[in-house]
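Everything below concerns the one structure shown next.
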Amino acid sequence: MKKLVAVLLTIALLLSCGVTAVSAADSSADYQRKLSAALIEKLNDPDADQIDVCIFLKNAIHSDAEVEQIISERYTWTTQQEHLMCWRKVVSKIIGAYVQQFIDDNADLLDEVLWHSDAVEMIEATVSKENVYRLAELDTVSNMDLYIEAIPEPDIEPEPTIEEKIVDAANELYHPSSPFPAEDIVMEFSYQFKDSSAYAVRFIVKYVDYICIELAEPVGDWLLYSGYYPEPYIFADNKLYTFKEAYEGGILSEVQLEELCEVTRAQHSEFCLTRYIKGDADGDGDVSVIDATVIQRVEANIAVTGTFYKPLADVDGDSEVSVIDATLIQRKEAGLYTIK
């Protein structure tokens, strides 16, 4: 349809201008400047007869008031004319005077143009060599170029989502006999490590019952802490590994653990990593009287700000956290005790 409109508009330009044909050999004419180098090269091709061109139009010569007057004089108030009135400002700005005059007398064509408004700024048409020069002479034409059919974009498969990437591994972990789709995976956290194809993920699967326990597990020199949700995993080589499995198997490095520590803290993730330092109850990487205060507040059932790492607060290693641990931290700060 757009091609048809383009051809009709080209005819409009030709019919509305009584310009004498100009020889292709006359290369010194001013209007030659409107032609692109590619179009001139095509015009000089002796085998070329009909040429595909792009015709770019100048702003309309008619003012808004003049266009409105033309409309009121020539049309009755119908649905089609109502459509024209709504678009008159667009039409008046981008349709040249010659084209405007023609379509005012051809309402059906005008209706098509309005539905293809991009065709008014640039007309695509197939014309003879002689008519290329006729069109270039028109004042309403700003410049012309050779039209080249656009090469269609190749179909590129979209990148699979992280849920789609891990679904097979998740099924192997949870439901090997009754696979579930990727849509049933609700991702709580995902992070792809720098310069690696591995991910840290934390997710739940719809309709799967979990035993939600608090996870506090040493991983190398780090403590992995997870609240009352399913534990996080490392996804690598199309498999899901626990952090400990990944670390001990050489899949997860100390550098990646440090990287993930910063990410989880910045995002306030439901799981986090901290250096495994005995006495560092708040996980800030240092043992101080602040940690003793944190332990005392926990023992008194007073809320604390931030995360409380119970395994790190257990200074004496009796699997309990009490004021004794707070006292040992205070003694350590006074130089009277060494935390092992």
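Bear in mind that the values in this text are calculations on the coordinates, not laboratory data. Bear in mind the structure is a predicted one, so any value in this text is a computation, not a measurement. Cβ: placed from backbone, ideal geometry, glycine included. Neighbour counts: every protein chain shown.
Take 306-314, 34-42 and order them by the average number of nearby Cβ atoms within 10 Å per residue, most first; the result is 306-314, 34-42. Placing pseudo-labels 7 Å out from each Cα toward the beta carbon at Y210 and S197 gives an inter-label distance of 2.7 nm.
Between I339 and T305, the contour length at 0.36 nm per residue exceeds the Cα-Cα span by 9.8 nm.
Using a/c under 1.5 as the rounded threshold, could you call region 157-274 rounded, prolate or oblate? The axes a ≥ b ≥ c are square roots of the C-alpha gyration tensor eigenvalues, and prolate needs a/b larger than b/c, oblate otherwise. Prolate, because a/c is 1.5 or more and a/b exceeds b/c. Give me the distance in nm between label points sitting 7 Å out from Cα along the Cα-to-Cβ direction at E262 and Y174, one decimal. In this crude label model, E262 to Y174 measures out at 3.2 nm. Take the Cα of R331, step 7 Å toward its Cβ, do the same at E159, and the gap between the two points is 5.5 nm.
Reported to the nearest whole Å, the Cα centre-to-centre distance from region 260-274 to region 291-340 is 22.
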